Amino acid sequence: MDRIRQLYQVFSKTEVRYLKQYLDAFHAKGANKSLELIEILDKNPEITNKEMAERLYGNPKSKAFSMLKSRLYERMLETLTLSVNFQNNPALKEDSTAYESVSLSKMNTYGIMLNKRGLKNQSREMFEKIIKDADQTVLPEFNLSALISLRNLSNSFEEVEKNINPKIALAFEQYKIDAMGVGMMRTFILHRGETNHPVSESLARLKKDIKILEDSLAKTYSPRADYYRLQLYYSFYAFSKDMPSVRSVLQEIIELVERYPKLSTNNRKGILLMRLSNIALNQGNYEEAIEASQKSMRMLYPKSPNYFSATILSIMAYTVTGRLSKVEELFPKIEWFIKFPQSPQQTGQFHFFKASKAYLEKDLKGAQRYLQHTNDLLKDKEGWNLAVRVMEMMILIDLGEDDLLYNRLESFRKHMSKYNIPPRIQTTYRLLLSISRNALNFKVVWEECEEVVDEMRQTHPWSIHTYEFLPFDIWLESKAKNMPFYPTLLQMVSASKTE
């Protein structure tokens, strides 16, 4: 029942209408149990499996209900593949590669069916159209499949030997290298997002993968694989904090997309704008970051991971420019990911930035509650883990929780002994330790540590991308001088933009 419920929740109103028409068209006689199930689900979305079986068959363990669910699930999937549905689906319309993949898959099915009905000429025409479209859309896997089908239909040795086989060999090599590039990108994302590997290990792995991909591209060129090569370089430079190289590789991506227009999907344009927003944010160009991230959001599918990332960039930029009302408007746009997270970190990041907003609004208990939902971020031992720890201790200090602060500092000390912690965070730990030892007397701490803070600002200045979203040094100074933290932060940001 859960599979049907989850699938039904992503149906648009138009798709629901076509589904009901489809179920009615396939019904022969008697009660239309499939349609009845959908109508019950409309009225009671949270109904349980047993309750539904009882409603439809009077028996919570009905075998007929299990069969019904299987048939209905299949009909629902068939409905989504109707041309009238997938051609109007916003996720596919914004990602032309996915759209073309669905279209070519349907055409491939048509070609097979025509062949098996004895209409070999029509079948051949269909496969030739697939080859033409696959070449234009830079999708060699469909080119390969259609060429193999054409070879099976051919009665000419010369056509197969001189024309089809060489094309199959080329398409196969392009498909292999495409799969390699996509796989490397996905592996890197998982390596960084779901494991405890140090950044240095991820970068070493990434550098090795890029070399392998470049060697393969030197033998057989594929535009799509080249696109992923550049994306891998972007990730390498971004995690290495090499912003000039990041800008350079983004320009290369733009030039590649211009050479191969079919690579220029709304999704990829949105990703490029998101990357530019990220750079602008890192360099303190917050208005530029907001503009690029907002444009990116308009191009990306609202239920895609990239849309989530683009929204987070807007949230960060709006926060450090004093527009918390704008931040509040953005959270509902990504609440869907809390119900259906596409990576473990999404739930954690959502609540982390909720906690940040609550903290800046002096809702300390609210900030604490949100931080309780950031456990997935703790797995990123040298990144988000640090951000959560520091914010949690800032809240404990504001609440006067000396004993809990001591426990958290001891845990932090053990953590730092195991992992490669950035120097700025190491200094932050020393300052937190001083606060604890001086019984939260900030004036005394400031007198003892002002030079330490000045050195930290000189050698390791705050950046919004250092997993220290709210700058600890500004927080400490505002406490010591009895100034409100958020206005002081905004003043610092404004001053840095005029320098």
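The values are calculated or read from the model by the stated rules, or taken from the named source; none is laboratory data. Source: prediction; values computed, not measured. Glycine gets a Cβ as well: all are built from the backbone with ideal geometry, and neighbour counts include every protein chain shown.
Things to note:
- Residue tally, condition without any contact (Cβ under 8 Å) to a residue 12 or more places away in the chain and either buried (at least 20 other Cβ atoms within 10 Å of the Cβ) or part of a helix (DSSP H, G or I) (or both), over segment 126-167: 11
- The residue that is farthest from LEU217 (Cα to Cα), counting only those in segment 121-172 that are in contact with a helix residue (DSSP H, G or I) (Cβ under 8 Å, 6 or more places away or on another chain) and among the acidic types (Asp, Glu), is GLU128.
- Selection within segment 209-228 - part of a helix (DSSP H, G or I), of a type outside the set (Val, Ile, Thr) and within 15 Å of VAL182 (Cα to Cα): ASP209, LYS211, LEU213, GLU214, SER216, LEU217, PRO223, ARG224, ALA225, ASP226, TYR227, TYR228
- Residue list for segment 461-479, filter: surrounded by fewer than 18 Cβ atoms within 10 Å (Cβ to Cβ) and either at pLDDT 90 or above or among the aromatic types (Phe, Trp, Tyr) (or both): PRO461
- Count of segment 257-291 residues which are at pLDDT 90 or above, surrounded by 18 or more Cβ atoms within 10 Å (Cβ to Cβ) and over 20 Å from the mean Cα position of the chain (by Cα): 1
- Qualifying residue in segment 38-58 (condition: among the β-branched types (Val, Ile, Thr) and at pLDDT below 90): no
- When GLU499 is tested against (1) surrounded by fewer than 19 Cβ atoms within 10 Å (Cβ to Cβ); (2) modelled with pLDDT of 95 or more, just one condition goes unmet, and that condition is (2).
- Residues (under 21 Å from LEU386 (Cα atoms) and small (Gly, Ala, Ser)) located in segment 442-487: SER463
- Number of the exception - ASP242 against (1) surrounded by 15 or more Cβ atoms within 10 Å (Cβ to Cβ); (2) closer than 24 Å to GLY383 by Cα; (3) free of Cβ contacts under 8 Å to residues at least 24 places away in the same chain: (1)
- Any hit, segment 315-338, residues being within 15 Å of PHE469 (Cα to Cα), within 16 Å of the chain's Cα centre (by Cα) and buried (at least 23 other Cβ atoms within 10 Å of the Cβ): yes
- Residues of segment 23-50 satisfying the condition of being closer than 15 Å to TYR8 by Cα and among the aromatic types (Phe, Trp, Tyr): none
- Pairing residues of segment 201-230 that are farther than 23 Å from ARG268 by Cβ with residues that are crowded, with 18+ Cβ neighbours inside 10 Å and modelled with pLDDT under 90, at Cβ distances under 7 Å and at least 6 apart in sequence or on separate chains, gives SER202/PHE188; SER202/ARG192.
- Filter result for the condition that a residue is under 24 Å from MET316 (Cβ atoms) and either crowded, with 19+ Cβ neighbours inside 10 Å or over 29 Å from the mean Cα position of the chain (by Cα) (or both), over ASP454, ASP376, ASP402: ASP376
- Single residue of segment 398-443 satisfying the filter (aromatic (Phe, Trp, Tyr) and over 23 Å from SER463 (Cα atoms)) that is modelled with the lowest pLDDT: TYR406
- Qualifying positions in segment 1-31 - in a loop (DSSP other than H, G, I, E, B) and either more than 16 Å from TYR73 (Cβ to Cβ) or of a type in the set (D, E, K, R) (or both): SER12, HIS27, ALA28, LYS29, GLY30, ALA31
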